[in-house]
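Written below as structure tokens is the structure these notes are about.
We did not get these values from a lab; they are worked out from the coordinates using the rules stated. Here the structure is a predicted model, which is why all the values come from computation and not from measurement. Positions of Cβ are generated from backbone atoms using ideal geometry, with glycine treated the same way; all protein chains shown enter the neighbour counts.
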């Protein structure tokens, strides 16, 4: 009589009752609760990080505009102005233009070098140039120095960008512009 071959179980399968694999509803609900708590605790820090990014981006754009105005003034040997796009509101965006008649305003026929978008919502930009200079425009002479219109006197002061409790200042001195991580130029 012939003997039947022995059947071996396939690898990965155990003999006996099959085990269930996966997670239970209670385990899924627990993981969801833990995830929700972690996400809720991360939101305030994410908001602060986004505000910091917005402030840094706006500061970098304004520094770019200042450097563009200075380099255009020296390259073209003419007066170039950096001014808000709408009146004296720096948060409306700003533009760099060649100021042929030296009046600090964009007039017909004057070339716009570049326009910048409005500042992000919640960001404030405040000029601090003293009582005799409003800071509604920044005019650079043919040497790239920040000067007053008419008298040609140097302009000293700062533009303060702030969002929440964080601030940056663009500090203007006689021959340089620097950025400070505060609302005061020290």
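State, to one decimal in nm², a quarter of the convex hull surface area for the C-alpha atoms of the range 82-166, i.e. the direction-averaged projected area.
Result: 6.2 nm².
Over the chain, consider all pairs of different Cα atoms and compute the Kirkwood hydrodynamic radius from their mean reciprocal separation; express it in Å, one decimal.
Details: mean 1/r = 0.0486 Å⁻¹.
The Cα-based Kirkwood calculation yields 20.6 Å.
State the percent of C-alpha pairs, over all pairs in the range 20-79, separated by a distance greater than 16 angstrom.
Numbers: 1226 of 1770 pairs.
Result: 69 percent of Cα pairs exceed 16 Å.
Just to be sure I understand: with springs between alpha-carbon atoms less than 10 Å apart, which residue in 95, 168, 114 has the highest mean-square fluctuation in the Gaussian network model of the chain?
So, out of 95, 168, 114, the one fluctuating most is 114.
Starting with the fewest neighbours, write out 92, 139 ranked by other beta-carbon atoms found within 10 Å of each beta-carbon.
The most exposed by this proxy come first: 92, 139.
Using only Cα atoms, find the angle between the long axis of helix 25-76 and the longest principal axis of the chain, and express it within 0 to 90 degrees, rounded to the nearest 10.
30 degrees
Can you tell me how much longer the chain between residue 78 and residue 57 gets when fully stretched, taken as 0.36 nm per residue apart minus their C-alpha distance, in nm with one decimal?
4.7 nm
Between residue 182 and residue 23, how many nm apart are label points set 7 Å from Cα along the C-beta direction?
Taking the two extended label points, one gets 4.9 nm.
Could you check the spin-label model distance between residue 37 and residue 117? Points 7 Å from the Cα along Cα→Cβ, value in nm.
Calculated label separation equals 3.9 nm.
Using just the helices of the chain, give the 222 nm mean residue ellipticity in deg cm²/dmol: DSSP H runs with n ≥ 4 each add -39,500 (n - 2.57), and the total is spread over all residues, rounded to 500.
Theoretical 222 nm ellipticity from helices: -10500 deg cm²/dmol.
How much length would be gained if the chain were fully extended between residue 124 and residue 165, taking 0.36 nm per residue of separation minus their Cα-Cα distance, in nm to one decimal? Please list the in-between numbers first.
Working: separation 41, 0.36 × 41 = 14.76 nm, distance 1.13 nm.
Additional length available on full extension: 13.6 nm.
Which FRET efficiency value, to the nearest 0.05, do you get for residue 107 and residue 46 by plugging their Cβ-Cβ distance into 1/(1 + (r/R0)^6) with R0 = 35 Å?
Given R0 = 35 Å and the Cβ-Cβ separation, E is 0.20.
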